[in-house]
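Each value in this text was obtained by applying a stated rule to the coordinates, not by laboratory testing. Since we're looking at a predicted model, the values are computed, not measured. Reconstructed Cβ throughout: ideal geometry from the backbone, glycine too, with neighbour counts over all protein chains shown.
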Amino acid sequence: MIELALDVVSWVLLAVGGACVLIGGIGGLRLPNFYTRIHAASLTDTMATLLIFVGMMLQSGLSLATLKLFAIMLFLLLTGPTATYALANAALLSGLKPEGDTGQSKHGENTQP
Amino acid sequence: MKLLELLGYYNYWVFAVVLTVGLYAVIRKRNLIKKLIGLSIFQSAVFLLYITMDKVEGGTAPIIQKGVPDQVFSNPLPQVLILTAIVVGVSTLALGLAMVVRIKESYGTIEEHEILGAD
Amino acid sequence: MTFMEHLPALQVVVPMLSAPLIVLLQPRGLAWAGATAAGLASFAIAIALAMAVLDGQTQVYAMGGWAAPYGIALEVDAFSALVLLLVTGAGAAALLAARVSVDRQIEPERQPLFYAAWLLGLAGLAGIVVSADAFNIFVFMEISSLASYILIAGGPDRRALPAVFKYLIMGTIGATFYLIGVGLIYMMTGTLNLADMQARIGDVVALNPILVAAGFITIGLALKAAVFPLHVWLPNAYTHAPHMVTVFLAACATKVALYVLIRFDSMVFQDRLSDHEFQFTLFALPLAVLGILVASSVAMFEGHLKRLLATSSVAQIGYILLGASFVSEAGITASAMHMFNHALAKGGLFLAVACLAFHFRDLRLSELGGAARRMPLTCAALVVCGLSLIGVPGTAGFISKWLLITAALESGLWGWSLVAVILVSSLMAVVYIWRIVEALYFQQASAEGDTSFAEAPLQLLLVTWAVALLNIFFGLFPHLPLALANGSAALLVGGAP
Amino acid sequence: MIYVFALFLLTLLVITAVAIVRTENLFVAVMLTSIFSLLMAANFFILDAADVALTEAAVGAGVTTVIFLSALALTGDWEKPRPGGRTVALGTVGVLAMLLIYASFDKPRLGDPEAPVHQHVAPWYLEKTPEYMDIPNVVTAILSSFRGYDTLGEVFVVFAACIGVLFILGVKPARQTAAAPQPVSGLRHHLIPQVVGRLLVPFIVLFGLYVQFHGEYGPGGGFQAGAIIATGVILYALLEGEAEALRAVPRSVLLALVVGGALLYGAVGVVCMLKGGAFLDYSVLAADPVFGQQLGILVIEAGVGMAVCGALLSIFHAFAARESMT
């Protein structure tokens, strides 16, 4: 009985994780400019990774594979957002202006040129 | 069944297409770095040809677990050859890029027609 | 295992392992001394191997202790012994003479890297000749190619860089074509050892991949060996390379690729594929004839001395391929002999060019006026090697031209037209050698050039004269290379064990 | 089952290859090349080539992209389009493609157990490895012992590339900028990547060492380990700045690594000769031949790892130092 429940839960998690990846992909295509597309891409980096890896860990039960899966998940959760941050920062530095930004951010100090 | 029959040759067709895409880039493009990219694609196609050979239906990677009785393994030899070929490809690429940097410094351009014009 | 049995392995290991050591020898001149010692050691090993082969024992060496089809086997027979002598001889001679010329062209702190690359090139070429495993030949072909790219790109001349980049692109495409060919043969026969491949290729039912593999290997190696339509990289690469590098590469680099082409086509494809002999002749003969005629005519009108000699190299490669395309014992003997004699003649000529470069910044023929009065010994050596290139009786070139003509006559109906081609191209060779002699001896020195007696440094001059005298010696007493050439012909085509 | 994955991934591979050739912006082309290598690694993994997939990912996607980007930083990043007839190039290339596809119908189908490749030499390896070396990973056994001479040649190809790049880039650039070259520190004022980087680099290097010494039991070995450790140190250099990375791993150590790795591999071969076996015949290294083989494999894999790591790092530093000079 427990086995069935675990399987069902992991299948649900994997399905939702897959859906998140799909949404991220579609977002990456449809959204207008660079900064909005990064939001879509980072969706697959964080939410989808979490769901898919937890789903897989349930499948492999208590074994060395689960430990390895946990390590990979940790690595992805660390590097994903950092990469997105570095990407956005580099874009801003090289002068790609976000939409509707008149150079005056809310706190009055000028965003770097 | 006919489609599955043809599917067995799909790898070789992809090898042929990627090989010709790489060769086209090397012949056609005049930017030296684009030529080197074309060259690395050209070499990657050959790796695909070798590794397509080693797959055995239902076989696993050639790592012999102790206890498990009669396992079916894929062929290890093409993998050894391709390990060597990958590193050869990277070495040639590194040398090519060093030359492109020196050409840029002495000629100021990395477009082949401008370089030939300069001499 | 006694020391003598280790020789095939030592032939490659000695230059290869001394390359990293030389990188560490920073103080001046030490790098050159180390490299020359390693070069001479490998030449001595090659001589010992040749002696062993001459009295009948072809050396087979199972690398790592594993038998042939499973491990990698090295094999030194008559043909590889001849080419080994050629490679290590050219390498050692060029290294001996290199110190003065390289000091002028390459900064001292980069010289250890330069000499390490030189030894890697030597080890790569020796590795190709000694190996009997198809994939192993690819690996060592890459080592020798990378080393020759480094050597050519070393010079002060900025035009060397685009030339060597083109050579890198075409050389890598050639090596990858060769890799595809070996892959296809491995796919159909399941083995990589050359002898094993020859045994198993007969009972392959589906011939298509084997024919495609034959095409790929032949085109790949033709690219590497600068056979006529695919030779565009050679003139520029050899012209703008440092002078001593041109001496080393012109003498042996392209010949090793031809060695692999001949060994593959006569060992692996020949006797089993039904009409392959005809196909090989159909492919190689026209290319060789075209190469000889077109390259010789281009050389006649070439202004720069080094580019003239480089273009004439393409014609000489055409001779070697012409001999191989007869696929007869006489043909293979002629092409093996011409490999040896051309290395001697062209090596001597480029050594003389290196001597000339000491006092003449610009090597164009129009600028070389009055060279004979200023550098009589160098010009005399240049004339001797030029005569050997033409094939004047009494010099080494004559022997191989004579063998080529007899092989052409034996080859049946096309014989006479080929003899005509050989004679016409020899006449063209006379013309372009005469143009050099006329520029050196009879042209007036340009106005401000001083005509004081100023010879090249002694070390370089001695080696140049040694090679010139060798040209004459092997013209009069050719039995050493001839014996090896006959042995290789018997082995490859005659079906001897 | 593998047909479905293969079909999907191979088609994606062809699309990426065409996209690389068509794009004008070289940065986009380099990024697509990195994706191309990753797809190639996924293909290899599906075709049961785990070692090759790891190498292709580490060397192909990792180090090649870094070298390309550092070269792009020194040259322009836009390609001038070439107008005019494409027919000749397309013609010759098309003929070659037709020839290859025509020849592919006689080749054995994918995964066909009766293919000649699986009959002759491969079963001997699979059968003899437990007997002679008693290590699980047959690929490492062939790579280091049965065909160890190939791998020795391979180490010297990497060594040649390393001294080649040092030799070619050893020439000081002509247009020396008057101002002292301002130290190129990595992402200067970006705290987040530096903090995460400092957290990750030790684990990357540790994983590289794991792959190095785990080579006999699972996919891994000298090449992959060298590439992974080099990627870790390159990440450190990108974050903290090239001068900082040189302080951590100075050039003399790199040269010692390359020369030491190559000589270590050759020395093992020569020792085998001196102890009476053939060159690179490890069974003479110890009393018990099986232990001798394992010892030989371990030592030469360490040599390969050192050589590849040192070579890739000195190539990266040669390019990075060039940036600060011009």
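Look at the dipole of chain A built from charges on Cβ: of A:Thr82, A:Phe53, A:Val9, the Cα furthest out on the positive end belongs to A:Thr82.
Counting neighbouring Cβ atoms within 10 Å and putting the fewest first, the residues D:Arg86, C:Arg364 line up as D:Arg86, C:Arg364. Against chain C, whose longest principal axis is taken from its Cα atoms, helix C:305-325 shows a tilt of about 20°.
Normalised by the empirical 2.2 N^0.38 Å for globular proteins, what value does the Cα Rg of chain B take? Before the final figure, lay out each step's value.
Working: Rg = 20.2 Å, N = 119, 2.2 N^0.38 = 13.5 Å.
Normalised by 2.2 N^0.38 Å, the Cα Rg of chain B equals 1.50.
Rounded to the nearest 20, the Cβ-based charge dipole of the stretch C:293-497 about its Cα centre (Lys and Arg +1, Asp and Glu -1) stands at 80 debye. Placing +1 on the Cβ of every Lys and Arg and -1 on the Cβ of every Asp and Glu, with nothing else charged, gives the protein assembly as shown a dipole about its Cα centre of roughly 2560 debye.
For the residues C:Glu329, D:Glu244, what sequence is obtained by ranking on other C-beta atoms within 10 Å, fewest first?
Working: C:Glu329 19, D:Glu244 14.
So the residues, fewest neighbours to most, are D:Glu244, C:Glu329.
Where does the charge balance sit around C:Ala237 when Lys and Arg score +1, Asp and Glu -1, over other residues with C-beta under 12 Å from its C-beta? Walk me through the intermediate numbers first.
Details: positive: C:Arg159, C:Lys166, C:Lys306, C:Arg307; negative: C:Asp157.
Charge balance in the 12 Å sphere: +3.
When the charge dipole of the stretch B:2-76 is built from unit charges on Cβ atoms (+1 for Lys and Arg, -1 for Asp and Glu) and taken about the Cα centre, the candidate among B:Phe42, B:Ala16, B:Gln65 whose Cα reaches farthest toward its positive end is B:Phe42. Helical runs (DSSP H, four residues minimum) scored at -39500 (n - 2.57) apiece and divided by the length of chain C put the mean residue ellipticity at 222 nm at -24500 deg cm²/dmol. Put +1 on the Cβ of every Lys and Arg and -1 on every Asp and Glu Cβ in chain C; which of C:Gly412, C:Phe442, C:Val100 then has its Cα farthest towards the positive end of the dipole? In chain C, that residue is C:Phe442.
Helices in chain D, meaning DSSP H runs of at least 4 residues, each add -39500 (n - 2.57). Divided by all residues, the mean residue ellipticity at 222 nm is -23000 deg cm²/dmol.
Based on C-alpha pairs under 8 angstrom that are at least 6 apart in sequence, the stretch C:193-341 has a relative contact order of 27 percent.
Listed by Cβ neighbour count within 10 Å, with the fewest neighbours leading, C:Cys252, A:Cys20 appear as A:Cys20, C:Cys252. At q = 0.08, 0.11 Å⁻¹ the log10 of I(q)/I(0) for chain C amounts to -0.45, -0.86, computed by Debye summation with a single uniform scatterer per C-alpha, solvent ignored.
Hey, what angle do you get for helix C:134-152 against the long axis of chain C, alpha-carbon based, 0 to 90 degrees rounded to 10? With rounding to tens, the tilt is 10 degrees. Taken as Cα centroids, the stretch C:458-477 and the stretch B:55-92 sit 53 Å apart, rounded to the nearest whole angstrom.
Here each label is just a point 7 Å from Cα along the line to Cβ, and for A:Lys97 and B:Lys66 those points are 6.9 nm apart. Axis of helix C:329-356 versus longest Cα principal axis of chain C: the two differ by about 30°, to the nearest ten degrees.
The base-10 log of I(q)/I(0) for the protein assembly as shown, evaluated at q = 0.06, 0.10 Å⁻¹, reads -0.46, -1.27 [Debye formula, identical scatterers on Cα atoms, solvent excluded]. Taken residue by residue and averaged, Cβ atoms of other chains lying within 10 Å of the Cβ of D:10-17 number 5.
In what sequence, highest mean first, do B:77-87, D:154-164, A:51-61, C:304-314 appear when ranked by Cβ atoms within 10 angstrom? Working shown, then result.
Details: B:77-87: 26.5, D:154-164: 28.5, A:51-61: 18.0, C:304-314: 24.7.
Highest-to-lowest ranking by the protection proxy: D:154-164, B:77-87, C:304-314, A:51-61.
Peptide D:276-285 has a mean shielding of 5, counted as Cβ atoms of other protein chains within 10 Å of each residue's Cβ.
Shielding of C:110-120 by partners, i.e. mean partner chain Cβ atoms within 10 Å per residue? Mind dumping the intermediate values first?
Values: counts 5, 1, 2, 8, 3, 0, 6, 5, 0, 0, 6.
What the average comes to for C:110-120 is 3.
Helical content alone sets the calculated 222 nm signal of chain B at -24500 deg cm²/dmol, taking -39,500 (n - 2.57) per DSSP H segment of four or more residues and averaging over every residue.
Taken about its Cα centre, chain B carries a charge dipole of about 140 debye when Lys and Arg each add +1 at the Cβ and Asp and Glu each add -1 at the Cβ.
The stretch D:277-326 and the stretch D:119-158 have their alpha-carbon centroids 16 Å apart.
Sequence-distant contacts, meaning Cα pairs under 8 Å at least 6 residues apart, place the relative contact order of the stretch D:1-78 at 32 percent. Hydrophobic, long helices, defined as DSSP H runs whose alpha-carbon span along the helix axis is 18 Å or greater and whose mean Kyte-Doolittle value is at least 1.6, occur in chain D at D:2-22, D:26-46, D:87-103, D:148-168, D:191-213, D:251-274. Short-range pairs are left out: with C-alpha atoms under 8 Å and at least six residues apart, the relative contact order of chain B is 24 percent.
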